[in-house]
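J.: This structure is in structure tokens; I'll ask about it shortly.
The values are calculated or read from the model by the stated rules, or taken from the named source; none is laboratory data. A quick note: this is a predicted structure, and the numbers were derived from the prediction, not measured. When we count neighbours, we look across all protein chains shown, and the Cβ atoms used for this are built from the backbone with ideal geometry, even at glycine.
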Amino acid sequence: MRISILLALVLWIGLAGRVHAAEPLVDAAWAIANLRTPGIIFLDVQSERNYERRHVVGAVHTLYPEAGWRTLEDDGRITLPTPEEFAEIMSGLGIDNDTHVVIVATGSSDRDMAVATDVYWTFKFFAHDEVSILNGGLNAFRAARGPVDAQVPRRAKTQYEAKRPIARLRATYDDVFASLGVSDIIDHRPVGHFLGLNWSSYVRRPGTIPGAKNLPTDWLMRDGAGVFRTPQELLRVLNHAQVPPQGRLINIADASLEASLGWFVSYELLNNKAARLYVGGFSEWTARPTSPMVRRVNVDN
């Protein structure tokens, strides 16, 4: 009886630790305590230059989006890797299907963290649930006196098994078109882009989708840097932007980058499991002349 109780207790502790380890956000203290925990890999998504300068001890590096995470097609579409291509990326990084991946960005801006959330979304899309983001990135890790170095670790290649994508996490062009006037479309670009005053080289027509609501990504971060606001703070921000915390939301930006940060906040931090990411974004949307757009401020005429 005592052995059975002890075994049950050990299993419970193991499972409890596993659940905690797979939390969407982990802090610097957790990262420092788990640097050498078997089965955990820190995945650095900084620029190559920043990674070569300093990174979490033992962290492997991937270059986003050039390593195969995203491809910009000539017709404006943003394509994802296939399951087999994703598996090849994982194998090359020494990640297997059971690895808990902790994604580390620099943490200086909301754009830094958007790289982390876009990579995070890709893991989730390909059914790899053991993934977290280091809140505040490398900056927070260093502020907590976490050890860093410039050495590139060597990891043996694994045989990652490709899995079927989780389609409900993604909104396609047709999904967005069908959602006009039905679902809430959340534009995560800066206000000037939302109004049509400015636009990036990805976008072929200024403005936004009719009925879209604006929620810039820097509003979701403390001081626009690398630390996410608390759920309570986020709810107040969403209320100000008239964005519902629950329901069928479609997160959009020029491409999947900034939109993924909005998706992460809705889906993971506010537990809205109906939120979806439009990977193609305005790059794909504005490339099609039949896609409706509204420009709220036109200074050209």
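J.: Restricting to the range 173-202, name every residue that is at pLDDT below 95 and part of a loop (DSSP other than H, G, I, E, B).
T.: Leu180, Gly181, Val182, Ser183, Gly196, Leu197, Asn198, Trp199, Ser200, Ser201, Tyr202
J.: Give the residues of the range 137-150 that are part of a loop (DSSP other than H, G, I, E, B), surrounded by 11 or more Cβ atoms within 10 Å (Cβ to Cβ) and not small (Gly, Ala, Ser), sorted by residue number.
T.: Pro147
J.: Report, by residue number, each residue of the range 80-129 that is touching a Gly at 6+ places or on another chain (Cβ under 8 Å), part of a loop (DSSP other than H, G, I, E, B) and either closer than 26 Å to Ala28 by Cα or basic (Lys, Arg) (or both).
T.: Asp98, Thr99, Ala105, Thr106, Gly107, Ser108, Ser109
J.: Which residues, taken from the range 132-181, are in contact with a Phe, Trp or Tyr (Cβ under 8 Å, 6 or more places away or on another chain) and of a type in the set (Lys, Arg)?
T.: Listed by number, the residues that qualify are Lys163, Arg170.
J.: When you look at Ser266, is it within 14 Å of the chain's Cα centre (by Cα) and at pLDDT below 95, yes or no?
T.: No: the conditions fail for Ser266.
J.: Next question, about the same structure. Output the residues belonging to the range 252-292 that are charged (D, E, K, R), within 17 Å of Ser201 (Cα to Cα) and part of a helix (DSSP H, G or I).
T.: Answer for the range 252-292, where residues must be charged (D, E, K, R), within 17 Å of Ser201 (Cα to Cα) and part of a helix (DSSP H, G or I): Glu258, Glu284.
J.: Restricting to the range 15-34, what's the tally of residues that are at pLDDT 95 or above and either within 19 Å of Ala150 (Cβ to Cβ) or among the charged types (D, E, K, R) (or both)?
T.: Matching residues across the range 15-34 total 4.
J.: While we're looking at this one, here's another question. Could you list, in sequence order, the residues of the range 150-160 that are under 18 Å from Tyr51 (Cα atoms) and either of a type in the set (A, V, I, L, M) or more than 25 Å from the chain's Cα centre (by Cα) (or both)?
T.: Within the range 150-160, Ala150, Gln151, Val152, Arg154 meet the criteria.
J.: Only one residue in Asp175, Asp187, Asp218 is at negative phi, out of contact with any helix residue (DSSP H, G or I) (no Cβ under 8 Å at 6 or more places or on another chain) and in contact (Cβ under 8 Å) with a residue 40 or more places away in the chain. Which one?
T.: Asp175
Residues are listed down the side, and each one gets a yes or a no for (1) assigned to a loop (DSSP other than H, G, I, E, B); (2) in contact with a Gly (Cβ under 9 Å, 6 or more places away or on another chain); (3) more than 18 Å from Lys124 (Cβ to Cβ):
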site	(1), (2), (3)
Arg204	yes, yes, yes
Glu233	no, no, yes
Val237	no, no, yes
Gln242	yes, no, yes
Ile250	no, no, no
